[in-house]
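To start, the structure itself, in structure tokens.
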Amino acid sequence: MTVFKALLRKAFGRITTLAVLWIFCLVLAIPILALSADDFTVTLLGTGMPVPSPDRFGNSTLVEAGGQRLVFDMGRGVTIRLWQKQIPLGSINAHFLTHLHSDHINGLSDLWLSGWIQTPFGGRKKPFLIYGPPGTEKMMSNLWEAFSEDRRIRLEDEKNPLEGIQVDAHDFKPGVVYEKNGVVVTAFEVDHGDLVKPCYGFKITYKNHSVVISGDTRYSTNLEKAARSADLLICEVAMIPEKLFAKFPAYKAIYEHHISPELAGKLFSVSRPKLAVYTHLVLSGLPREGIPFPKPEELLAATRKTYDGPVVVGADLMGFKIDDSGVSIIEPSRK
């Protein structure tokens, strides 16, 4: 800051500290809007589970391709992670849901509402476009009513554009659900348990490259087929210590709805993606009672029992670039 202040004084003469701080903050607040139509990138916005964590936010993935921004699932903290990347919330072109469990949608209303505020972090002027399983249209209709007072106040007080808060919701079935500028999003059913139906995964293709998002699932032949030779396979995983099953029976039910690292390794061995990455890490523990959370290296060691190819454990804001040379990892930055 001292160097910055000195440079400004040299250029403009005497300047107050307050003015320096104001200019400095203004510069930092300018959002990064440039998005090349040729880029195909993925960012893990949230890699966590329902356990409240400052390190791993709720499940959410950003895909940028064809000059578009697409968000898949909107768990807790999605707005925070987007703005950490200086991506305006209102700049997302389309939103997609794998299923309607609360940990995949509890950041949805924040993204919808905060994205409507006409500031650098918001700015949406078009309807909120969202695709999800049956029940999505009804859910969005209920949210419209639930936030009617907020909408009324901001329309009258802030003069926000009505179009920016309107909703364009679509319930979908398996198949192509979105296609624009060469980007194709295809939904396929996965297996998240007998009572959690339908639950979907997604395959995003662009310029002969593909990214597959598993959604919440046990071992699924549909996922296996969709992921064959994908550039990037983003897969959920669960690893829960046996001691927790006896103390908290709910953990056994949770575990039985997800894929283990050993079965994930089997999936990777069959589908052979160029790179597999773990997200939505259902890694449970209770340190206060001597039951530590499983560590990433333990997760990878279990995976290696059935898979010898490239795999990494995802982290919030970890990114990936997909092109003809392969898949490169962009390490997370939380400035």
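Checking each residue in the range 111-161 for being in a helix (DSSP H, G or I), of a type in the set (A, V, I, L, M, F, W, C) and surrounded by 15 or more Cβ atoms within 10 Å (Cβ to Cβ) picks out Leu111, Trp112, Leu113, Met139, Met140, Leu143, Trp144. When Glu236, Glu189, Glu242 are checked against the criterion of being farther than 28 Å from Asp38 by Cβ and loosely packed, with under 15 Cβ neighbours inside 10 Å, a single residue qualifies: Glu242. For the range 155-178, the tally of residues that are touching a residue at least 24 places away in the same chain (Cβ under 8 Å) and acidic (Asp, Glu) stands at 4.
Can you pull out the residues in the range 220-269 that are among the aliphatic types (A, V, I, L, M) and part of a loop (DSSP other than H, G, I, E, B)? Give the derivation first.
Taking the range 220-269 and keeping what is among the aliphatic types (A, V, I, L, M), we get 223, 226-227, 230, 232-234, 237-240, 244, 246, 250, 253-254, 259, 263-264, 267.
Those that are among the aliphatic types (A, V, I, L, M) and part of a loop (DSSP other than H, G, I, E, B): Ala230, Ile240, Ile259.
Does Glu298 fit the bill of being open to solvent by 80 Å² or more (accessible area, probe 1.4 Å) and closer than 21 Å to Ile213 by Cβ? No; evaluated as a whole, the condition is false for this residue.
If you take the residues in the range 58-75 that are over 10 Å from the mean Cα position of the chain (by Cα) and open to solvent by 10 Å² or more (accessible area, probe 1.4 Å), which one is farthest from His95 (Cα to Cα)? Across the range 58-75, the extreme among qualifying residues is Gly67.
Within the range 80-103, residues that are within 20 Å of Val190 (Cβ to Cβ) and buried (at least 17 other Cβ atoms within 10 Å of the Cβ) have Cβ atoms under 7 Å from residues that are at pLDDT 95 or above and among the polar types (S, T, N, Q) in these pairs: Leu97/Thr136; Asp103/Asn59, counting only partners at least 6 apart in sequence or on another chain.
So that you can scan it fast, the table gives a plain yes or no per residue for (1) closer than 10 Å to Met239 by Cα; (2) of a type in the set (A, V, I, L, M, F, W, C):
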| position | (1), (2) |
| --- | --- |
| Glu256 | no, no |
| Ala264 | no, yes |
| Phe268 | no, yes |
| Ser271 | no, no |
| Leu275 | no, yes |
| Val282 | yes, yes |
| Gly285 | yes, no |
| Gly290 | no, no |
| Leu299 | yes, yes |
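Only one entry in Asp191, Asp171 is among the charged types (D, E, K, R) and touching a strand residue (DSSP E or B) at 6+ places or on another chain (Cβ under 9 Å), namely Asp171.
Taking the condition touching a residue at least 60 places away in the same chain (Cβ under 8 Å) and not in a loop (DSSP other than H, G, I, E, B), does Ile204 pass? It would help to see each step written out before you state the result.
On the way: touching a residue at least 60 places away in the same chain (Cβ under 8 Å): yes; not in a loop (DSSP other than H, G, I, E, B): yes.
When the stated conditions are applied, Ile204 passes them.
For the range 269-283, a tally of residues being at pLDDT 95 or above, of a type outside the set (Val, Ile, Thr) and under 21 Å from the mean Cα position of the chain (by Cα) returns 7. Screening Lys321 on (1) outside any loop (DSSP other than H, G, I, E, B); (2) in contact with a strand residue (DSSP E or B) (Cβ under 6 Å, 6 or more places away or on another chain); (3) open to solvent by less than 60 Å² (accessible area, probe 1.4 Å) shows it passes everything except condition (3).
The values are calculated or read from the model by the stated rules, or taken from the named source; none is laboratory data. What you see is a predicted model; the values in this text were computed from it and never measured. Note: ideal-geometry Cβ built from the backbone for every residue, glycine included; neighbour counts use all protein chains shown. Surface accessibility is based on the protein's heavy atoms, side chains included, excluding ligands, DNA and RNA. Shrake-Rupley method; radii C 1.70, N 1.55, O 1.52, S 1.80 Å.
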